[in-house]
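Read the structure below first, then the notes.
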Amino acid sequence: MSTNSVSATLVPASYRQRWKDSAVDSRQSFPATGNFDLIDNSWGLLMIHNDDIVSPGEGFDMHQHDNAEIVTWVLDGALRHRDSGGKDITLPSGHAQAISAGRGVSHSEVNAAGYTSRSRLHVIQMWLPPDEENADPHHGEADFSASIEHSKATGEFFTVAAGSEHGEAVAPLHIGSAGARLDVAYLSAQATSQLDLSRYSHIFVASGSVTATINSAGKSVEADNGDDRTWELHEGDVLRAEVLGSDQSTVTFTSTDDAVVMVWRMNYSAKERRAEQ
């Protein structure tokens, strides 16, 4: 790649790994089951990016995490969270949670709907590495219902979670990965929206379909679709863009139907950070 360029690669939904049983259907952008080196399999700062459908009353019983920043977005249904600190809450659609696991936390995550209901839970969960290991655990939750309605009306993205280098002050949820920020847009049909790209940008279409066009003044674009800078993205698809150089690059979205777009923008990668340590 040249020193002043953008590299973009489409990762279709069909390329994701799938883990399924009678309770959970998990579609995974990175290896999430088994004994994997999460950083070695990461892209940017993302180590885990799971798109899960959970049956009524089912989910994950009490289990432990450590040294991970865990962001959970409830796309549909309701998630019941319980943890070792005695917290027992329900997060409905349009809510999100950020957990800094630090030196260790235990929690359970299940579909809050009862076994006899037909209400599935659709949840997106993402993990990033912390900048400081074995810190004190903390977590927070936020209701984004008003932001979603504003986004539907205007096409604007809103910030869900961010670290200290990347808009922490404007983010309802704080994470301990300084160079990362998650923005989300709920786009009505035919809406148009634009977002700046960072060094690493992970663009995920959680539902619906959009076209994404990279605008790169002063930069070449090395795309997996040749010279075309526009991609058709459908539910479950990911577009990964890496920017080298200081010139600003943006991505423009146009929705072909109602769509939910989630974008992680990251200043550095987990592999780069580990190499520096």
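The values are calculated or read from the model by the stated rules, or taken from the named source; none is laboratory data. Just so you know, these numbers come straight off a predicted model, no measurement behind them. Methodologically, a virtual Cβ is constructed for each residue, glycine included, from the backbone with ideal geometry; neighbour enumeration extends over all protein chains shown.
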Please state which one of H122, H150 is part of a helix (DSSP H, G or I) and not β-branched (V, I, T).
H150
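Do we find that A217 is modelled with pLDDT under 95, surrounded by 15 or more Cβ atoms within 10 Å (Cβ to Cβ), under 12 Å from V6 (Cα atoms) and not hydroxyl-bearing (S, T, Y) in this structure?
Values: modelled with pLDDT under 95: yes; surrounded by 15 or more Cβ atoms within 10 Å (Cβ to Cβ): no; under 12 Å from V6 (Cα atoms): yes; not hydroxyl-bearing (S, T, Y): yes.
When the stated conditions are applied, A217 does not pass them.
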Which residue is farthest from R103 (Cα to Cα), if the candidates are limited to region 140-158 and must be surrounded by 20 or more Cβ atoms within 10 Å (Cβ to Cβ) and without any contact (Cβ under 8 Å) to a residue 60 or more places away in the chain?
S151
Give the residues of region 250-277 that are buried (at least 22 other Cβ atoms within 10 Å of the Cβ) and polar (S, T, N, Q), sorted by residue number.
S255
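Taking P12 as the residue in question, decide whether it is surrounded by fewer than 17 Cβ atoms within 10 Å (Cβ to Cβ), at pLDDT 90 or above and not hydrophobic (A, V, I, L, M, F, W, C).
Values: surrounded by fewer than 17 Cβ atoms within 10 Å (Cβ to Cβ): yes; at pLDDT 90 or above: yes; not hydrophobic (A, V, I, L, M, F, W, C): yes.
For P12, the condition - surrounded by fewer than 17 Cβ atoms within 10 Å (Cβ to Cβ), at pLDDT 90 or above and not hydrophobic (A, V, I, L, M, F, W, C) - is met.
State whether one or more residues within region 77-86 are on the phi > 0 side of the Ramachandran plot, assigned to a loop (DSSP other than H, G, I, E, B), surrounded by 20 or more Cβ atoms within 10 Å (Cβ to Cβ) and touching a Ser or Thr at 6+ places or on another chain (Cβ under 7 Å). Give the derivation first.
Here is the first cut: in region 77-86, the ones on the phi > 0 side of the Ramachandran plot are 77, 86.
Now narrow it down to the ones that are assigned to a loop (DSSP other than H, G, I, E, B): 77, 86.
Remaining after also requiring surrounded by 20 or more Cβ atoms within 10 Å (Cβ to Cβ): 77.
Now narrow it down to the ones that are touching a Ser or Thr at 6+ places or on another chain (Cβ under 7 Å): 77.
Yes; the residues of region 77-86 include at least one that is on the phi > 0 side of the Ramachandran plot, assigned to a loop (DSSP other than H, G, I, E, B), surrounded by 20 or more Cβ atoms within 10 Å (Cβ to Cβ) and touching a Ser or Thr at 6+ places or on another chain (Cβ under 7 Å).
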Restricting region 53-76 to residues that are touching a Ser or Thr at 6+ places or on another chain (Cβ under 9 Å), among the charged types (D, E, K, R) and over 14 Å from S22 (Cβ atoms), the residue that is surrounded by the most Cβ atoms within 10 Å (Cβ to Cβ)
E69
Is it true that some residue in region 141-151 is modelled with pLDDT of 90 or more and more than 22 Å from D258 (Cα to Cα)?
yes
Residue list for region 23-63, restricted to those being at pLDDT below 85 and outside any loop (DSSP other than H, G, I, E, B)
G59, F60, D61, M62, H63
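Please work out if T116 is hydroxyl-bearing (S, T, Y) and within 17 Å of the chain's Cα centre (by Cα). It would help to see each step written out before you state the result.
On the way: hydroxyl-bearing (S, T, Y): yes; within 17 Å of the chain's Cα centre (by Cα): no.
For T116, the condition - hydroxyl-bearing (S, T, Y) and within 17 Å of the chain's Cα centre (by Cα) - is not met.
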Go through region 93-115 and count every residue that is over 21 Å from Q28 (Cα atoms), touching a Gly at 6+ places or on another chain (Cβ under 8 Å) and surrounded by fewer than 18 Cβ atoms within 10 Å (Cβ to Cβ).
2
